[in-house]
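Engineer: The structure's right below; bear with me while I get my questions together.
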Amino acid sequence: MAAKRLGQFTVQLSSPRIVGAFTLMGPREGAGPLGRYFDAIVDDYMWGEIQPEKAERKYLEHAARRALERAGLRETDVDYFIAGDLLNQIVSSTYSARSLGVPHLGIFAACATSALGLGLAAMLVDGGFARRVLVATASHYQAVERQYRYPIELNIQRKPTNQWTATGGAAAVVAAEGEGPRITQVTFGRVVDWGVKDANDMGSAMAPAAADTLLRHFSDTGTTPGDYDLILTGDLAKVGSKLFRVLAGRAGVTLGGKHMDGGASIYSPKQQPGAGASGAVCSAAAILGYVLKEMARGRYRKVLALPTGCLHSPTTWQQGESCPGVSHAIVLEGA
Amino acid sequence: MDRDRDAIDGHKEYQRLVKQLAPKPNAAKEAARAFLVGGTLCLIGQFVLDFFRRTQPTEGEAIAATLATMILLGVVLTALGVYDTLGEFGGLGAAVPITGFANTIASAAMDFRREGYVVGMGAKMFLIAGPVIVFGIIAGTLTGLVAWLVSAVSG
Amino acid sequence: MSYVWAFAVGGLICAAAQLIAIHFPRLTPGHFLVSLTVIGAVLNGPGWYDAAIELAGAGVLIPVSGFGASITRGVLQETQRLGWEGLFTGTLEFVGLGIAAGVVFSALAALVAVPRG
């Protein structure tokens, strides 16, 4: 029997902790409402590179190395490097893994990468398969924009539902021993597709997945929103958040003031008149930047983080397919 | 199968909800901005056209010189990083004039140059403008064929 | 007076396109460029678009529908001159300049400028 399973989707963990984390963001993100929670801001979002893919890789690699420093570790001290990003063949992750020299597990869950990575790392550590695991992700406005949408300088008018890809990298070390908040439960979500076909409205495509994972988590663990100090979604942004609260409400779950969304928080309305931010780093920065620091200050003790990802590709979108969503949840508890 | 149908019905309801809760674009404001930007670009075109009408021997050459000048303007504004902002403000008012057509070529050229001059810039320069030329030529040829046949029949 | 016409007619074409875009959010700007070009090409079969250029000048010349009309104008002229070969040789008669200018200027832009976003 799987002794650590709790209900149908959730696992219960005892030992893993986040013993070091680093968020490294671009200037636009640094100037936003969450700017003061990030560990470092790069003044030039291209980071001196002409090619944005190289810049994205730099964000991921530097965040990973700085997270190791924060944990007081060297590369050889970690057993696995789990990383994912939005680019084809997750190149930012794999190319960063070249110089680390650690067994690499490449993952893809679009903008839910942070929770998938942290959840897998926590399970590896809790199962005794690893002592320490390095987890990282990154996204870059230009790299993602030109892959999923259009050339950068093309005259495109963004719609009110559009989200702006955040630029930055974020990384964390999950370990069995050390100081830091614990990852106590993990609920990996199902792929949910309710037929939203508008690539300019990813929040609406992902909201059903977030609601599905949220309800699964509550029914598996027997908890309610009242058991958490904060319920953080990744990048549903303003439009998706509204739908998420409606869907949760229909199932009898009232989130009230406990719900916060990373995508809706990273930019001020003046910076981004559309729905908010997106990108793999969006939820990672909200968890490893905002949540960890507020937990350290004692404002939050128990947080449910459920980033969401939109799993379409430019090709499936051109072929008229809808946008499948996924949401993975982790529970963070203060020491 | 019933389960599938239930799921699809559930989705239809959700898709209606999405439409219902989506922020509504301000149609009047967007149309006014498109009018302003598109009208201004055409106004500039009229100044250029009038200039070339004075300096060029035929109307055809004046039009050709005007289009070339406007394309140059679109490319320069793109290279300066201004045209995408103009598009963000004016929507199709920036896209529809010939300067917007030039912007699609220049933006793709600048963007994909980063994959090299041949496989990047050269191969992808007409990523967005290509279909315009493809369907323009097909429509022009077919229209010309009809007109030619009509003129042949009516002698 | 020609300036008022150019501004008003050109602006109206763009505003109409924008209103259609709001109603059909799945359409990309590429769809609009293609549609307008085809409309311009078809309207110029009987020479209507060129008549409109006489009236509104740049207001109809500058929108991409003018590009489509120019393709048809070339085909009409060359079929009168050459016969069936004109159906193909005529296509680029008037727009070849625009395409060539777009290619050369854009290549120069790509040499000196990088996308900033």
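The values are calculated or read from the model by the stated rules, or taken from the named source; none is laboratory data. The structure displayed is predicted, hence computed values, not measured ones. Neighbour counts are summed over all protein chains in view; Cβ atoms, including those assigned to glycine, are modelled from backbone coordinates with ideal geometry. All accessible areas refer to the heavy atoms of the entire protein, side chains included, with ligands and DNA or RNA removed. Shrake-Rupley method; radii C 1.70, N 1.55, O 1.52, S 1.80 Å.
Engineer: Roughly how many whole Å is it from the C-alpha centroid of segment B:96-134 to that of segment A:53-120?
Structural biologist: Each part's Cα centre sits 34 Å from the other's.
Engineer: Anyone know which of B:139, B:32, B:65 comes out most mobile in the 10 Å Cα GNM of chain B?
Structural biologist: It is B:139.
Engineer: Another one. At q = 0.10 Å⁻¹, what is the base-10 log of I(q)/I(0) for segment A:182-333 according to the Debye formula with one equal point scatterer per Cα and no solvent? Please give it to two decimals.
Structural biologist: -0.32
Engineer: How are the alpha carbon pair distances in segment A:1-44 distributed across 10 Å bins from zero to the largest one, expressed in percent?
Structural biologist: 23, 26, 17, 24, 10, 0
Engineer: Taking the Cα centroid of segment C:86-115 and of segment A:215-266, what is the distance between the two, rounded to the nearest whole Å?
Structural biologist: Here the answer is 52 Å between Cα centres.
Engineer: Which of A:84, A:222, A:127 moves the most in a Gaussian network model of chain A with Cα springs under 10 Å?
Structural biologist: A:222
Engineer: Can you compute the equivalent ellipsoid semi-axes for segment C:48-117, i.e. the square root of 5 times each eigenvalue of the Cα gyration tensor, sorted largest first and rounded to whole Å?
Structural biologist: Semi-axis lengths for segment C:48-117 are 29, 18, 7 Å.
Engineer: Looking only at other chains, what is the average number of their beta-carbon atoms within 10 angstrom of each beta-carbon in B:76-84?
Structural biologist: Averaged over the peptide's residues, the number is 6.
Engineer: Moving to a separate point now. Can you give me the relative contact order of chain C as a percent, contacts being Cα pairs under 8 Å and 6 or more apart?
Structural biologist: For chain C, the relative contact order is 22 percent.
Engineer: Now for a different question. Considering all projection directions equally, how large on average is the shadow of the alpha-carbon convex hull of the protein assembly as shown, in square nanometres?
Structural biologist: 31.0 nm²
Engineer: I've got another one for you. What fraction of the Cα pairs in chain A, stated in percent, has a spacing above 32 angstrom? Present the calculation step by step, with values, prior to reporting the outcome.
Structural biologist: Values: 11344 of 55945 pairs.
Summing the P(r) tail past 32 Å for chain A gives 20 percent.
Engineer: Next question, about the same structure. Taking all protein chains together and a probe of 1.4 Å, list A:18, A:41 from the most accessible to the least accessible.
Structural biologist: Accessible-area ranking of A:18, A:41, largest first: A:41, A:18.
Engineer: Calculate the translational D of segment A:5-175 in whole µm² s⁻¹ from Stokes-Einstein, where the hydrodynamic radius comes from the Kirkwood formula applied to all Cα pairs, the temperature is 37 °C and the viscosity 0.692 mPa s.
Structural biologist: In µm²/s, the coefficient rounds to 198.
Engineer: Top mean-square fluctuation among B:22, B:123, B:31, Gaussian network model of chain B, C-alpha springs under 10 Å?
Structural biologist: Among B:22, B:123, B:31, the largest GNM mean-square fluctuation belongs to B:22.
Engineer: Something else: Going down the list A:238/A:258; A:270/B:19; A:58/A:238; A:159/B:12, which pairs span over 27 Å between their C-alpha atoms?
Structural biologist: Correct reply: A:58/A:238.
Engineer: Okay, moving on. Which value, in Å², gives the accessible area per residue of the protein assembly as shown when a 1.4 Å probe is used on the protein heavy atoms?
Structural biologist: 40 Å²
Engineer: Could you check the simple spin-label distance between residue A:12 and residue B:55, using points 7 Å along Cα→Cβ, in nm with one decimal?
Structural biologist: Using points 7 Å along Cα→Cβ, the separation is 8.3 nm.
Engineer: Any chance you could tell me what percent of the C-alpha pair distances in chain C go past 25 Å?
Structural biologist: The calculated P(r) of chain C puts 36 percent of pairs beyond 25 Å.
Engineer: Given the -39500 (n - 2.57) contribution per DSSP H run of 4+ residues, what per-residue ellipticity at 222 nm results for chain B, rounded to the nearest 500 deg cm²/dmol?
Structural biologist: So the helix-based figure for chain B works out to -26500 deg cm²/dmol.
Engineer: Please name which of B:77, A:257, C:92 has its Cα lying farthest along the dipole of the protein assembly as shown towards the positive end, using unit charges on Cβ (Lys, Arg +1; Asp, Glu -1) and the Cα centre as origin.
Structural biologist: Selected residue: A:257.
Engineer: Over 20 Å, how big is the tail of the calculated P(r) for chain B, in percent of all Cα pairs?
Structural biologist: Here the long-distance tail beyond 20 Å is 69 percent of all Cα pairs in chain B.
Engineer: Let me ask something additional. Among the complete DSSP H segments of chain B, which ones combine at least 18 Å of alpha-carbon extent along their axis with a mean Kyte-Doolittle hydropathy of 0.0 or more?
Structural biologist: B:27-55, B:59-79, B:98-112, B:129-153
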